[in-house]
1. Can you name the residue in the stretch A:75-91 that is at the interface with chain B (Cβ under 7 Å from one of its Cβ atoms) and in a loop (DSSP other than H, G, I, E, B) and, of all such residues, is surrounded by the most Cβ atoms within 10 Å (Cβ to Cβ)?
2. Which one of these is aliphatic (A, V, I, L, M), touching a Gly at 6+ places or on another chain (Cβ under 9 Å) and more than 28 Å from A:MET5 (Cβ to Cβ): A:LEU32, A:LEU68, A:LEU17?
3. Of everything in the stretch A:46-74 that's of a type outside the set (A, V, I, L, M) and under 20 Å from B:LEU19 (Cβ atoms), which residue is farthest from the other protein chains (Cβ to nearest Cβ)?
4. If the Cβ limit is 9 Å and pairs must be 6+ apart or interchain, which residue in the stretch A:1-21 that is more than 7 Å from chain B (Cβ to nearest Cβ) and closer than 16 Å to A:SER66 by Cβ pairs with which residue that is assigned to a loop (DSSP other than H, G, I, E, B) and at pLDDT below 95?
5. State which residue pairs qualify: first residue polar (S, T, N, Q) and inside the stretch A:36-52, second residue part of a loop (DSSP other than H, G, I, E, B) in any location, beta carbons under 6 Å apart, and separation of 6 or more residues or different chains.
6. From the set of residues in the stretch A:12-69 that are assigned to a loop (DSSP other than H, G, I, E, B) and basic (Lys, Arg), which is surrounded by the most Cβ atoms within 10 Å (Cβ to Cβ)?
7. Quick check on the stretch B:1-27: of everything there that is facing chain A (nearest Cβ under 7 Å) and in a loop (DSSP other than H, G, I, E, B), which residue is nearest to A:PHE57 (Cα to Cα)?
8. State yes or no: is B:PHE30 buried (at least 22 other Cβ atoms within 10 Å of the Cβ), within 7 Å of chain A (Cβ to nearest Cβ) and touching a helix residue (DSSP H, G or I) at 6+ places or on another chain (Cβ under 6 Å)?
Amino acid sequence: MHIIMALLAGLIFGIGLIVSGMTDPSKVIGFLDLAGSWDPSLGFVMGGAILVGLIAFRFAARRDRSLLGDAMRLPTATHIDRRLVLGGLTFGVGWGLAGYCPGPALASLASGASKPLIFAAAMVVGMVIFELLERLLARGKQAV
Amino acid sequence: MTIDLANFTPWASLAGGALIGLAAAIFLLFNGRIAGISGILGGLLKWPKGDIAWRSAFLLGLIGAPAAYGLFAPLPAVQVEAGTVTLLAAGLLVGIGTRYGSGCTSGHGVCGLSRRSSRSLVATAAFMTAGFVTVFIVRHLIG
């Protein structure tokens, strides 16, 4: 059941991205281009998603188990640190360059076009590089 | 600033956004987890035992979405302006940045703001600002 609900959530998420126009990088860049001819659509996507999300998270806050009986795994970190800000800035530069963020890139893979594939492959490599660096740094700290 | 009325799609974007919110709600209420794409994918790369199945299932659904959508309507046309080198650089930055900052547009932007997390508000402000500045430089200063 967990697997089916995860599959369904991923599927609806992806269809939402297509319906909203967010699988089109030129539309995303149209939103990020404040100085040009500005397309506010992405703001409406976030607004629509957050309106539904606010209700869901309010409901979830009153529960300590999910509907399938698992513990709720919500983030517990509250501190605002350098990682959060630098990570966000780094992501934003890449997002602005290509017009892809992780969701739309994955939801575009099956289109058969090569560009989302190139982006997604580089993104996975970036994630692996991050993982390796984290392990190296953790090992370095232990050694000291 | 001028509004690009030719490309502005308020209703489709609002409806698509609501579907994204619905997906996040299903994942939260049934699976008890945050629908953050970079976290789900990045976590899979660690190959955690017991976690592989639901992560793969979510990503499979996401990747399969165009096929499901295509059963009902033709996929919308997309335009990727970036060339190969830019796509490679952008992909690396997005991969490293989303893992370093613990989230992307879905995890921080949608789920984080929905649960009114101040961390996610800061992260969203950071990636939005960087996105605005990057497009300004690429389109108006260099281009």
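1. Looking only at the stretch A:75-91, we keep the residues that are at the interface with chain B (Cβ under 7 Å from one of its Cβ atoms), and these are A:75, A:77-78, A:80, A:83-91.
Add one more test, that the residue is in a loop (DSSP other than H, G, I, E, B), and what stays is A:75, A:77-78, A:80.
Details: A:PRO75: 18, A:ALA77: 10, A:THR78: 8, A:ILE80: 13.
Ranking the candidates gives A:PRO75 first.
2. On the way: A:LEU68 fails: more than 28 Å from A:MET5 (Cβ to Cβ); A:LEU17 fails: more than 28 Å from A:MET5 (Cβ to Cβ).
Going through A:LEU32, A:LEU68, A:LEU17 in turn, just one is aliphatic (A, V, I, L, M), touching a Gly at 6+ places or on another chain (Cβ under 9 Å) and more than 28 Å from A:MET5 (Cβ to Cβ): A:LEU32.
3. Of all residues in the stretch A:46-74, those of a type outside the set (A, V, I, L, M) come to A:47-48, A:53, A:57-59, A:62-66, A:69-70, A:73.
With the extra rule that they be under 20 Å from B:LEU19 (Cβ atoms), the set shrinks to A:47-48, A:53, A:57-59.
On the way: A:GLY47: 6, A:GLY48: 3, A:GLY53: 3, A:PHE57: 4, A:ARG58: 9, A:PHE59: 7 Å.
The extreme case among them is A:ARG58.
4. Matching pairs, first to second residue: A:MET1/A:LEU68.
5. A:SER37/B:ASP4; A:SER41/A:GLY21; A:SER41/B:PHE8; A:SER41/B:THR9
6. Filtering the stretch A:12-69 for residues assigned to a loop (DSSP other than H, G, I, E, B) gives A:21-24, A:33-36, A:39-40, A:62-64, A:66-69.
Retained after the next criterion (residues that are basic (Lys, Arg)): A:62-63.
Details: A:ARG62: 6, A:ARG63: 12.
Here the residue is A:ARG63.
7. Residues of the stretch B:1-27 that are facing chain A (nearest Cβ under 7 Å), as a first pass: B:1-4, B:7-10, B:12-27.
Next, only the ones that are in a loop (DSSP other than H, G, I, E, B) stay: B:1, B:4, B:7-9.
Details: B:MET1: 35, B:ASP4: 33, B:ASN7: 32, B:PHE8: 29, B:THR9: 27 Å.
Here the answer is B:THR9.
8. Details: buried (at least 22 other Cβ atoms within 10 Å of the Cβ): no; within 7 Å of chain A (Cβ to nearest Cβ): yes; touching a helix residue (DSSP H, G or I) at 6+ places or on another chain (Cβ under 6 Å): yes.
Criteria not met by B:PHE30.
The values are calculated or read from the model by the stated rules, or taken from the named source; none is laboratory data. Quick caveat: nothing in here was measured; it's all calculated off a predicted structure. Because the Cβ atoms are built from the backbone with ideal geometry, glycine has one as well, and the counts that use them run over all protein chains shown.
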